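Chemist: Handing you a structure now.
Coordinate-derived values only; no laboratory data. Quick caveat: nothing in here was measured; it's all calculated off a predicted structure. Ideal geometry is used to build each Cβ from the backbone, glycine not excepted, and the neighbour counts take in all protein chains shown.
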Amino acid sequence: MTMKLKIGHVFQAAETVTAIINANRPLPSKGAYRLARLYAKLKPEFDLIAQRRNAMIEAYGYKAPLPVDVEGGTVTLAENFSVPPDKLAEFMKAWAEIANEEIEVAVEPIPLDQLDNGSGSSGVTAAEFIVLDDLVEG
């Protein structure tokens, strides 16, 4: 089965699924399995999206100064590319256009009951369900 998903949704959902898995949340076996399968399908798409987004950021050629406290004082490093503050609105507009593009992803929604620990509780938070949206079906 494939689903049409917006790029922004895939990006956020992949980060959310990764966080749930990395936190080793208590889930029934079927739910853990389905999350692992969802991760395996979202990860390659996420990587492509992240590369595209990172290329947009790197195109600005700007590395934000990052103050780091060390023994004897503060040192300013600039290790990661970032969006210059005066270009943030421009970047957000360009990213929003990309985030609204739809792609087809070979995923199936996870039935809500497979994430239920038996007492009506889940290892997934309400905020995470909001992000996962139609990747979980009730």
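Chemist: Quick check on my filter: what residues within region 87-130 are out of contact with any Ser or Thr (no Cβ under 7 Å at 6 or more places or on another chain) and acidic (Asp, Glu)?
Modeler: Within region 87-130, GLU90, GLU97, GLU101, GLU102, GLU108, ASP113 meet the criteria.
Chemist: Kindly indicate whether any position in region 95-117 is free of Cβ contacts under 8 Å to residues at least 24 places away in the same chain and outside any helix (DSSP H, G or I).
Modeler: no
Chemist: Another one. Looking at ARG34, ARG53, ARG25, which is the one that is in contact (Cβ under 8 Å) with a residue 40 or more places away in the chain, in a helix (DSSP H, G or I) and over 18 Å from GLU108 (Cα atoms)? Full working, then the answer.
Modeler: On the way: ARG34 fails: over 18 Å from GLU108 (Cα atoms); ARG25 fails: in a helix (DSSP H, G or I).
Residue meeting the stated conditions: ARG53.
Chemist: Out of (1) in a strand (DSSP E or B); (2) closer than 21 Å to VAL17 by Cα, what's the single condition that is false for PRO67?
Modeler: Going through (1) in a strand (DSSP E or B); (2) closer than 21 Å to VAL17 by Cα one by one, PRO67 breaks only (2).
Chemist: To continue, here is another question. Given the criterion in contact with a Lys or Arg (Cβ under 8 Å, 6 or more places away or on another chain) and more than 23 Å from TYR60 (Cβ to Cβ), identify the matching residue among ALA127, ALA99, ALA106.
Modeler: Details: ALA127 fails: in contact with a Lys or Arg (Cβ under 8 Å, 6 or more places away or on another chain); ALA99 fails: more than 23 Å from TYR60 (Cβ to Cβ).
Matching residue, one of ALA127, ALA99, ALA106: ALA106.
Chemist: For region 34-57, what are the residues that are touching a strand residue (DSSP E or B) at 6+ places or on another chain (Cβ under 8 Å) and more than 18 Å from ILE103 (Cα to Cα)?
Modeler: Within region 34-57, the first condition is being touching a strand residue (DSSP E or B) at 6+ places or on another chain (Cβ under 8 Å), and the residues that meet it are 34-35, 38, 41-42, 45, 54, 57.
Within region 34-57, ARG34, LEU35, ASN54, ILE57 qualify.
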